[in-house]
1. Among the numbered criteria (1) in contact with a helix residue (DSSP H, G or I) (Cβ under 8 Å, 6 or more places away or on another chain); (2) under 24 Å from residue 392 (Cα atoms), which single criterion is violated by residue 435?
2. Please tell me if residue 253 is farther than 24 Å from residue 463 by Cβ and either assigned to a helix (DSSP H, G or I) or modelled with pLDDT of 95 or more (or both).
3. Output yes when any residue across segment 134-141 is more than 20 Å from residue 187 (Cα to Cα), in a strand (DSSP E or B) and in contact with a strand residue (DSSP E or B) (Cβ under 6 Å, 6 or more places away or on another chain), and no when none is.
4. Which condition number in (1) closer than 22 Å to residue 411 by Cβ; (2) surrounded by fewer than 24 Cβ atoms within 10 Å (Cβ to Cβ); (3) under 18 Å from the mean Cα position of the chain (by Cα) is the one that residue 72 fails?
5. Can you spot a residue in segment 419-430 that is part of a loop (DSSP other than H, G, I, E, B), without any contact (Cβ under 8 Å) to a residue 12 or more places away in the chain and surrounded by fewer than 24 Cβ atoms within 10 Å (Cβ to Cβ)?
6. Anything in segment 31-44 that is in contact with a helix residue (DSSP H, G or I) (Cβ under 9 Å, 6 or more places away or on another chain) and either part of a loop (DSSP other than H, G, I, E, B) or farther than 16 Å from residue 197 by Cα (or both)? List them, or say none.
7. Tally the residues that are crowded, with 24+ Cβ neighbours inside 10 Å, modelled with pLDDT of 90 or more and outside any loop (DSSP other than H, G, I, E, B), restricting the search to segment 389-418.
8. Do you know which residues across segment 203-240 are out of contact with any strand residue (DSSP E or B) (no Cβ under 9 Å at 6 or more places or on another chain) and without any contact (Cβ under 8 Å) to a residue 60 or more places away in the chain?
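The values are calculated or read from the model by the stated rules, or taken from the named source; none is laboratory data. If you're wondering where the values come from, they're calculated on a predicted model, not measured in any experiment. All Cβ positions, even for glycine, are placed from backbone atoms using ideal geometry, and neighbour counts span all protein chains on display.
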């Protein structure tokens with residue numbers, strides 16, 4: 001083909017899908033090459049491609065929070081390292097939320113991509129590393145009051161120059177982790193994703209020249225922006241309000257949002273939301289923005305490729321000093337727990353004009369972490385994961401049971417992997433009877449998981465929804481709240497109702513029952529066939545919350 005000809009519509013779509021394939025292959029190589037169960041089993045990672053200005057153009061369908069966060073983090077890298085000075089093989093790293101990242105365990109690794117000696121754009125991956133220091137194993141301390149308690153902070157740094165990795169930086173990272181070998185392996189896997197992306201760009205460059213590839217990325221972004229603006233311009237001239245309460249162990253922190261539009265620009269204003277807390281229960285700015293992107297993507301802009309073009313059509317106001325935009329040096333590791341409620345407030349507002357596309361509140365248990373010395377290996381270990389619950393119902397379907405909330409979209413760690421790699425035994429893993437919220441469509445059921453630790457450990461509980469279960473929508477009932485009990489040998493059960501830490505002796509059993517999902521629509525409108533199916537699967541016998549089976 002003529003290498004200087006502008007790309008037609010078909011060619012642009014072919015290139016867009018090629019970049020999607022690049023993102024997918026980057027993610028697959030990261031999952032297969034990493035060592036930690038957090039990435040290998042739970043797939044707590046995401047990959048994206050950006051244009052030369054650092055605007056996200058294409059992303060793999062992975063974790064919405066990650067992909068929204070990654071949209072802004074590269075800007076901070078470019079502010080510290082101008083693109084004009086970058087060379088093939090350069091790699092950059094950042095994990096600090098105050099430089100556009102999510103929370104400290106999430107490492108963002110990015111590098112420029114070249115074709116014909118000129119930059120085409122950037123490839124990047126984001127992955128949750130099991131431990132980066134801090135007060136407790138797994139770097140999710142429940143009692144942190146400032147970010148310095150949560151682990152190693154890394155502002156934008158140059159990790160590799162022309163393919164040569166800076167071992168001094170690796171040494172610092174390894175020295176600040178309880179699992180240094182795992183950190184090096186997972187970080188190496190992230191660096192390799194940039195090489196994967198570059199090799200695929202080299203293949204694309206055999207068919208398209210650099211100008212064409214850059215033009216395609218720009219056009220991909222422009223089309224998303226035009227489509228999003230058209231959707232916004234068609235909205236009625238109204239203001240939609242949404243609210244939720246972030247459940248911080250009984251302290252209900254208000255989250256408020258107002259949506260309106262001026263021409264083809266949508267305004268999202270979080271004024272009136274509660275102040276930041278003196279704890280990790282704060283959402284960094286990037287995390288809150290990611291919730292907005294996710295909510296708009298599945299409702300107003302459904303079917304439109306999510307990238308910087310979509311985000312340009314949004315005007316977002318988040319007051320500094322609020323729980324949704326805390327000021328330095330606030331602790332921030334529980335940002336995702338706050339995001340569950342942020343998403344709920346957005347769904348509440350969007351239900352006014354897109355009731356067929358919203359979801360009721362989705363349950364979860366927060367993050368349970370523990371670690372100590374493994375007697376079998378004589379080395380430190382750390383475990384932790386965000387625990388799924390019942391998903392919220394929608395206009396057309398019941399909520400799924402035992403699901404990570406949609407802003408996270410993770411897998412859980414299989415029982416077999418846990419028991420083979422850690423001194424722990426899983427005694428129970430099942431759905432929680434009676435935890436689903438009632439409605440025309442019922443919510444999903446939460447999970448019950450019992451851990452018996454086989455060696456002394458230090459535990460951290462960042463509990464999600466311990467007082468009030470996820471809310472229903474449009475008349476639906478709320479799901480059951482999270483319940484956690486710790487039973488030490490020869491001791492009465494201890495209830496965990498908020499963010500807390502404790503030391504547990506060998507033989508201690510920790511039972512986590514995660515929140516169920518909210519229902520959608522009045523329970524009295526539940527169809528007879530659905531009620532019959534409830535009885536068929538035993539749901540009628542365990543009495544769905546708020547309704548008769």
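1. Answer for residue 435: the failing condition is (1).
2. Details: farther than 24 Å from residue 463 by Cβ: no; either assigned to a helix (DSSP H, G or I) or modelled with pLDDT of 95 or more (or both): yes.
Judged against the criteria, residue 253 is not a match.
3. Restricting attention to segment 134-141, the residues satisfying the condition of being more than 20 Å from residue 187 (Cα to Cα) are 135-136, 141.
Now restrict to residues that are in a strand (DSSP E or B): none.
For segment 134-141, residues more than 20 Å from residue 187 (Cα to Cα), in a strand (DSSP E or B) and in contact with a strand residue (DSSP E or B) (Cβ under 6 Å, 6 or more places away or on another chain): absent.
4. Of (1) closer than 22 Å to residue 411 by Cβ; (2) surrounded by fewer than 24 Cβ atoms within 10 Å (Cβ to Cβ); (3) under 18 Å from the mean Cα position of the chain (by Cα), only one is false for residue 72: (1).
5. Residues of segment 419-430 that are part of a loop (DSSP other than H, G, I, E, B), as a first pass: 422-423.
Narrowing the set further to residues that are without any contact (Cβ under 8 Å) to a residue 12 or more places away in the chain leaves none.
Within segment 419-430 (the criterion being part of a loop (DSSP other than H, G, I, E, B), without any contact (Cβ under 8 Å) to a residue 12 or more places away in the chain and surrounded by fewer than 24 Cβ atoms within 10 Å (Cβ to Cβ)), the answer is no, since none of the residues qualifies.
6. Step one: of segment 31-44, the residues in contact with a helix residue (DSSP H, G or I) (Cβ under 9 Å, 6 or more places away or on another chain) are 31-41, 43-44.
Correct list: 34, 35, 36, 37, 38, 39, 40, 41, 43, 44.
7. Number satisfying all stated conditions: 1.
8. Residues satisfying the conditions are 203, 206, 230, 234.
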